[in-house]
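Accompanying notes for the structure given below.
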Amino acid sequence: MSNTEYFEKRFQQRIDADERIEPRDWMPDSYRKTLIRQMSQHAHSEVVGMLPEGNWITRAPSLKRKLALLAKVQDEAGHGLYLYAATETLGIDREELLDQLHTGQAKYSSIFNYPTLNWADIGAIGWLVDGAAIMNQIPLCRCSFGPYARAMVRICKEESFHQRQGFEIMMTLCNGTKEQKAMAQDALNRWWWPSLMMFGPSDKDSTHSAQSMKWKIKRFTNDELRQRFVDITVPQADILGIRVPDPDLKYNSETQQYKFGPIDWDEFWRVVHGDGPCNKERLEARIKAHEKGKWVRDAAMAYAEKKSRQNTQIKVA
Amino acid sequence: MPQWLMQKKRAGRIHKSKLPEMEKRKWPLYEVFIRSKSGLNHKHVGSLHAADPHMAIQNARDVYTRRQEGISIWVVESKFITASNPEDQDMLFDPAIDKVYRHPTFYNLPDDVKHI
């Protein structure tokens, strides 16, 4: 057995025994690469995810809603930071991660390439998009890579308020005027299918799934999580009194699951490959924010360097 | 930096990159430790970038204590931490395994001896 084979075998044994892998432990290069790809994509999603909602902070209908939305968007910045920091433990720089986002080399969740057209969309995002994110993220709290799992524990704790505030917005609209209820229904119509797509391609088309399951980066398949999301969310729509836009949706009392209609995978791949309603706008906003912030980063660094020079001079004197 | 990353960089696969320009003066990495309430020790919670220690404290406050998670913060630049090597784990920690006599339960005393 070669050295690498021995290390790989020992690595898999540790995973099988449910041990956590820490940054300085030996790991296969492919495990490191997979994590960098997935974790950075996750971090980018948090950061880009601020854009569709940021649009509504100044347009929130009341001070209470505005405070909640501000706090939610601030959380997302924080989540991006936890995840970038955790990704950096794998030996890649923050600058390089951002560069991959800005050059289009790295992806972020396609859901953020859809526009937020009115206030009901903020409710739908909190309820559906954060709901789907939580469904994906809870199993990640037990991910085999320690820093990722720890970041996810914090994120999941904070995110449950995001989903509840979204549902409350929907609830308020649904209990309001006819027009307000129609807004809620319209938002559900537009966000339902993209939310189901958030779980990624169907298991039979998912390239990374099998290996990620073996490494315990993933604990459930895309289709399993998507099914669970549908089963949990449809009864919530019933409580709101609005309908999920799926003519094929049917409850199977034997399996106690909802059977749902086909997902438009052409649309999914189109948006993933850059041709969604807002891909260009989101990336441009990101790059602009980064470039316009450059003088602030430089000034802070120059100030820090000057201070540290002064301190050395004082010590020498 | 892992081997594959160096290879990738050498192979120049990063297009339209602004890396060389950004790399010269980047904010260093800090490790953050939070005391959640008085009487408890500071505990490592994660890391972040900042231009100087003062800014690291401010950023740590925003990133790690938005929900009253702490009453005190320590930050230290990551490069100043010396860590044990994971490969030395057996050498360092195995010797403690067979030292059962370091634990109170190793010693047999009659049941009617009290307060000991």
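The values are calculated or read from the model by the stated rules, or taken from the named source; none is laboratory data. Everything numeric here is computed off the predicted structure, so don't read it as measured data. For neighbour counting, all protein chains shown are included, and Cβ atoms are generated from backbone atoms with ideal geometry for every residue, glycine included. In case anyone asks, the SASA skips ligands and DNA or RNA and just uses the protein heavy atoms, side chains included. Shrake-Rupley method; radii C 1.70, N 1.55, O 1.52, S 1.80 Å.
Could you pull out which residues in region A:110-124 have an amide N less than 15 Å from a spot 7 Å beyond the Cα of A:Asn175, following the Cα-Cβ vector? It comes to no residues whatsoever. For the residues A:Met197, A:Met213, a 1.4 Å probe over the protein chains yields an accessible-area ranking, largest first, of A:Met213, A:Met197.
Considering all different alpha carbon pairs of region B:60-116, the Kirkwood hydrodynamic radius works out to 17.0 Å. For B:Lys114, give me every one of the lysines with a C-alpha distance below 26 angstrom, ignoring sequence neighbours fewer than eight places off in its own chain. Hits, sequence-local ones excluded: B:Lys99. The simple spin-label model puts a point 7 Å past each Cα toward its Cβ; for A:Thr4 and B:Asn41 those points are separated by 4.0 nm.
Rounded to 0.05, the FRET efficiency of the A:Glu281 and B:Tyr107 pair, given R0 = 56 Å and the Cβ-Cβ distance, is 0.20. Label separation (B:Ser84 vs A:Asp266): 6.0 nm, computed from points 7 Å beyond Cα along the C-beta direction. Ordered by 1.4 Å accessible area with all protein chains kept, A:Thr103, A:Thr172, A:Thr116, A:Thr207 run largest first as A:Thr207, A:Thr172, A:Thr103, A:Thr116.
Mean residue ellipticity at 222 nm from the helices of the protein assembly as shown, using -39,500 (n - 2.57) per DSSP H segment of n ≥ 4 over the full residue count, to the nearest 500 deg cm²/dmol? Don't skip to the end; give the middle numbers.
Working: 18 runs with 237 residues, N = 433.
Here the helix-only value at 222 nm equals -17500 deg cm²/dmol.
Largest to smallest in accessible area, the residues A:Thr221, A:Thr233 fall in the order A:Thr221, A:Thr233 (1.4 Å probe, all protein chains included).
Anything over 23 Å Cα to Cα? Flag those among A:Lys9/A:Lys33; A:Lys66/B:Lys26; A:Lys72/B:Lys43; A:Lys157/B:Lys37; A:Lys107/A:Lys288, in the order listed.
On the way: A:Lys9/A:Lys33 18 Å; A:Lys66/B:Lys26 34 Å; A:Lys72/B:Lys43 26 Å; A:Lys157/B:Lys37 19 Å; A:Lys107/A:Lys288 18 Å.
Beyond 23 Å between Cα atoms: A:Lys66/B:Lys26; A:Lys72/B:Lys43.
B:Phe33 sits with roughly 50 Å² accessible to a 1.4 Å probe, with DNA, RNA and ligands left out of the calculation.
How many Å² of accessible area per residue for chain A, probe 1.4 Å?
Details: 15520 Å² over 317 residues.
That works out to 49 Å² for each residue.
A simple spin-label model places the labels of A:Asn252 and B:Ile97 4.9 nm from each other, with each point 7 Å out along Cα-to-Cβ. Gain on full extension, evaluated as 0.36 nm per residue between A:Tyr303 and A:Ser206 minus their Cα-Cα distance, stands at 30.1 nm. Along the axis of the charge dipole computed for region A:1-109 (Cβ charges of +1 for Lys and Arg, -1 for Asp and Glu, origin at the Cα centre), the listed residues A:Gln74, A:Pro28, A:His44 are led at the positive end by A:Gln74. Each part gets one Cα centre, and for region A:21-100 versus region A:266-317 those centres are 14 Å apart.
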